[in-house]
Protein chains: 2
Amino acid sequence: MATEQKDETVGTGTLGKTMAVLEAVALAERPMRFTDILAVSGQPRGTLHRQLTHLVQEGLLELRADHVYLPGLRLLKLASASWARNEFRAVAAPFLEALHAQTGETVHLGVLRGREIIYLDKVESRQAVRMNSQIGNASPVYCTGVGKAALSTLDDAALEVILSGIEFRRFTPQTLVDRAALLGELEAVRRSGVAFDREEHEPGIRCVAAPVCDAARSLVAGISVTGPAYRVEQEKLEAWVPLVRQAAGGIKNELDARLGPQR
Amino acid sequence: MATEQKDETVGTGTLGKTMAVLEAVALAERPMRFTDILAVSGQPRGTLHRQLTHLVQEGLLELRADHVYLPGLRLLKLASASWARNEFRAVAAPFLEALHAQTGETVHLGVLRGREIIYLDKVESRQAVRMNSQIGNASPVYCTGVGKAALSTLDDAALEVILSGIEFRRFTPQTLVDRAALLGELEAVRRSGVAFDREEHEPGIRCVAAPVCDAARSLVAGISVTGPAYRVEQEKLEAWVPLVRQAAGGIKNELDARLGPQR
DNA sequence: AACTCAGTTCCAAATAATGGAACTAAATGG
DNA sequence: CCATTTAGTTCCATTATTTGGAACTGAGTT
C-alpha cells in the first residue's frame with residue numbers, strides 16, 4: 001500500500017511539488033495517464049488534478065485526447081534558449097570541434113549537476129541516425145568518463161555529499177558498484193588527469209575524459225572522446241590522453257580569462 | 001511610470017507568475033540581474049526575490065556569483081526527455097531524412113503552439129557550425145514557411161484567435177506585415193498545398209513548406225526545405241513542391257494509421 | 001440495469017504567497 | 001573618507017491559493 005517515495009524536492013513551497021509532478025511525467029519512460037501519475041506522486045486526487053491542469057495551461061505538459069499526459073513544447077522552447085545562450089558551451093565549442101577533428105570520434109561536453117552529468121554539447125561526424133540525442137541527457141556520475149573526471153576535482157566534503165546519495169546500479173559487468181572502488185578510481189584520475197570509461201555504462205562504448213572546472217568550483221564539468229570498443233582500443237584512448245588534456249586546459253584558460261576581468 | 005505589461009499567463013495561480021519570471025529570464029537576450037527582472041516582471045521586490053530563490057533551488061535558474069540569473073540545467077534535462085519521447089517527431093523523422101536526401105538542403109519540422117512555430121527537428125548535412133541550433137527555437141507564424149503552411153489548415157475561428165493577437169514585425173523587406181496580405185497568402189497556400197518563404201524572415205533564406213496535421217486539428221504542424229537564396233532559386237523551390245507534399249502526406253498517413261487503432 | 005473504474009468538481013480548513021517597509025551591502029561621488 | 005545613492009535581502013501581518021476529503025460524472029463491463 002505505502003508507495004515508498006521520498007522526493008528530494010521540498011522547501012520551495014508549491015513550486016517544488018509541481019515540478020516534481022512535471023518531472024515525473026516528462027521523464028517517464030512510457031506515456032502516463034492520471035492514475036499512473038497519482039500512484040507515483042503521492043498527492044491527493046484533487047490536488048494532483050489541479051496541478052496537472054495548471055501545468056497543461058502553462059504549456060509545460062500536454063493532455064492528449066486519450067487522457068495521456070505528455071511533455072509540452074514550452075519545455076523545448078525554454079531549453080533551446082538556455083542552450084543557445086550558455087556561455088560555457090560557447091567557450092568550449094571550438095575546443096570540442098578541434099578535438100573531434102583530431103580524433104575523428106564523438107566528443108562530449110558534460111557538466112555536473114547534483115549527482116548527475118548533464119550533457120551540454122556534442123560533436124560528431126556522422127549525424128546519420130539521431131541528431132542531438134545526447135544533449136540534455138542526464139547520466140550517472142559514477143560510470144561515465146565525464147562524471148569521474150568531474151568528481152576528481154571536488155574536495156572531500158563536496159564529494160561526500162554526492163557519494164552519500166548515490167545508489168549504485170550495475171549497467172555492465174565493468175560498472176563500479178561500490179564506493180571504495182569509485183574512490184580508488186578517482187585517486188587514479190587525480191594522478192593522471194584523465195578518466196577512462198571502460199564500457200562501464202554502455203557495453204561496447206569506451207571513452208577518455210578530462211575535467212574542466214573554474215577556480216571557485218562553481219562550475220564542474222568535463223569533456224570526453226567516445227567511441228565503439230571495436231574501433232577504439234585502450235591504446236588509442238591512451239594516445240588521445242594528451243589531446244584531451246590539452247583541450248580541457250584550453251577551455252579552462254579561456255574561462256579564467258573571461259571570468260578574470262569582471263572580478 | 002506604468003510599465004505597460006500584460007502577461008498572457010494568468011489563471012494558473014502562482015505557477016503562471018513564476019513561469020512568467022522564468023521565461024523572462026530564460027528568453028532574455030542578455031543576462032539579467034535582479035533589478036532588470038524587477039523592471040519587466042511588475043512584481044513587488046520581496047515577491048520577486050522569493051520566486052527567483054525558488055526557481056534557483058529547483059534548478060530552473062542559476063544564480064552566478066556576480067548576481068546574474070541564468071537558465072538552469074534542469075530545463076535542458078526536461079526538454080531532452082520531452083524531445084526524445086516525442087512520438088510525432090519519431091514518426092516524421094524518416095520522412096525528413098528522405099526529403100533531405102532528395103533535396104540536399106536543410107529540412108525542418110515545426111509545430112504550431114499559440115502564435116509561434118516551435119521547431120521540433122531538423123536534418124542537415126554540414127553540421128560544421130552549430131549543432132542543433134534550431135531545435136526548440138520559436139519563430140513567428142506569419143513569416144515562416146512552416147508557419148504559413150500550418151495556418152492554412154485552420155478554420156476561420158481558430159485562425160481568428162491567432163491573427164487577432166499577432167503583432168506584425170518587419171524582419172525583411174518581404175515580410176508580410178498586415179492581416180490582409182497574410183490572409184491572401186493563406187488562400188494561395190490552401191489552393192496549392194504549399195507555402196513559400198521568400199526571404200520574409202531572414203534575408204537570404206528561402207523555403208518551401210507543406211502542412212501536416214491530424215484529423216482533429218489537435219496537432220498542427222509543417223515541414224520545410226530551406227536553403228540560401230544564392231543557391232536555391234525560386235525554380236528549384238517549385239521543383240521541390242511535389243517532394244515536400246509527398247513527405248507531408250506520408251507523415252499524415254503514418255499518423256492516421258497510428259492514431260486510428262487506439263480510437 | 002447495476003457495477004466498476006477513471007477522471008473531474010467542490011468547498012471549508014490549512015498553508016503558502018503577497019507586498020510594503022525596514023534593513024544591509026556594495027557602488028558612486030563630492 | 002564620509003555621505004549618498006543604488007542594489008539586493010529579510011521580515012511579517014494580511015491575503016489569496018493550495019489542500020485534500022468527499023461527492024459527482026460518465027464511460028466501459030458484466
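General observations
- Entries in A:K148/B:K122; B:K148/B:K236; A:K148/A:K236 that, when Cα-Cα distance is taken, lie over 28 Å: A:K148/B:K122
- Label distances, nm, A:A65 versus same residue in remaining copies, Cβ-directed 7 Å point: 5.6
- Note on A:K17: aspartates and glutamates with a C-alpha under 16 Å away, same-chain residues under 8 apart excluded, are A:D7, A:E8, A:E58, B:E58.
- Shown for B:F34: label points 7 Å from Cα along the beta-carbon vector, and their distances to the equivalent points in the other copies, 4.3 nm in ascending order.
- Accessible surface of the range B:191-263, 1.4 Å probe, proportion on carbon and sulfur as whole %: 53 percent
- Estimated inter-spin distance, B:E160 and A:D214, nm [label 7 Å along Cα→Cβ]: 5.3 nm
- For chain B, convex hull volume per residue from C-alpha positions, Å³: 169 Å³
- Two-site FRET efficiency, B:V241 against A:D256, from Cβ-Cβ distance with R₀ of 56 Å, rounded to 0.05: 0.55
- Sequence-ordered 3J(HN,Hα) estimates for the range B:161-168 from the Karplus curve with 6.51, -1.76 and 1.60 and θ = phi - 60° stand at 4, 6, 4, 5, x, 6, 10, 5 Hz, glycine and proline given as x.
- Contact order, relative form, for the range B:128-220: 34 percent (alpha carbon pairs under 8 Å, 6 or more residues apart, mean separation divided by residue count).
- Nearest-ten-degree value, helix B:179-192 long axis tilted from longest Cα axis of chain B: 40 degrees
- Here the range B:13-73 has 55 percent of its accessible surface on carbon and sulfur atoms, given a 1.4 Å probe and all protein chains in place.
- Alpha-carbon Rg with Dmax, taken over the protein assembly as shown, Å: 24.0, 71
- Residues in the range A:134-145 carry Karplus couplings, in order, of 7, 5, x, 5, 10, 10, x, 6, 7, 10, 10, x Hz; the curve used is 6.51 cos²θ - 1.76 cosθ + 1.60 with θ = phi - 60°, and Gly or Pro positions show x.
- A versus B: buried accessible surface, summed, Å² (probe 1.4 Å, to nearest 100): 5500 Å²
- The range A:29-152 - convex hull of the alpha-carbon atoms, volume per residue in Å³: 154 Å³
- Across the protein chains, with a 1.4 Å probe defining accessible surface, the residues A:K17, A:K252, B:K122 rank A:K17, A:K252, B:K122 from largest area downward.
- For A:I205, the residues whose modelled amide H falls within less than 5 Å of its own, excluding neighbours fewer than 5 places apart on the same chain, are A:E199, A:A229.
- Taking 17 Å as the cut-off, the amide N atoms of the range A:64-82 that come nearer than this to a point 7 Å along the Cα-to-beta-carbon line of A:T35 belong to A:66-69.
- Placed amide H near A:V220: partners under 5 Å, 5+ positions off or other chain: A:L112
- Cα pair distances in the range A:128-219, grouped into 10 Å bins until the bin that holds the longest one, percent each: 16, 48, 29, 6, 0
- Under Karplus coefficients 6.51, -1.76 and 1.60, residue-wise ³J(HN,Hα) of the range B:13-20 in Hz, glycine/proline x: x, 6, 4, x, 5, 5, 5, 4
- Heavy-atom accessible area for A:S192, with the other protein chains in place and a 1.4 Å probe, reaches approximately 50 Å².
- Legend: translational diffusion of the range A:13-77 by Stokes-Einstein, Rh = Kirkwood radius over C-alpha pairs, 10 °C, 1.306 mPa s; D = 137 µm²/s.
- Taking Cα atoms only, the orientation of helix B:87-103 departs from the longest principal axis of chain B by about 50 degrees.
- Average accessible surface area per residue within the protein assembly as shown, 1.4 Å rolling probe, Å²: 47 Å²
The values are calculated or read from the model by the stated rules, or taken from the named source; none is laboratory data. Since the model is a prediction, treat every value here as computed from it, not as a measurement. Here Cβ is always computed from backbone atoms with ideal geometry, including for glycine, and neighbour counts include all displayed protein chains. Only protein heavy atoms, including side chains, enter the accessible area calculation; ligands, DNA and RNA are left aside. Shrake-Rupley method; radii C 1.70, N 1.55, O 1.52, S 1.80 Å.
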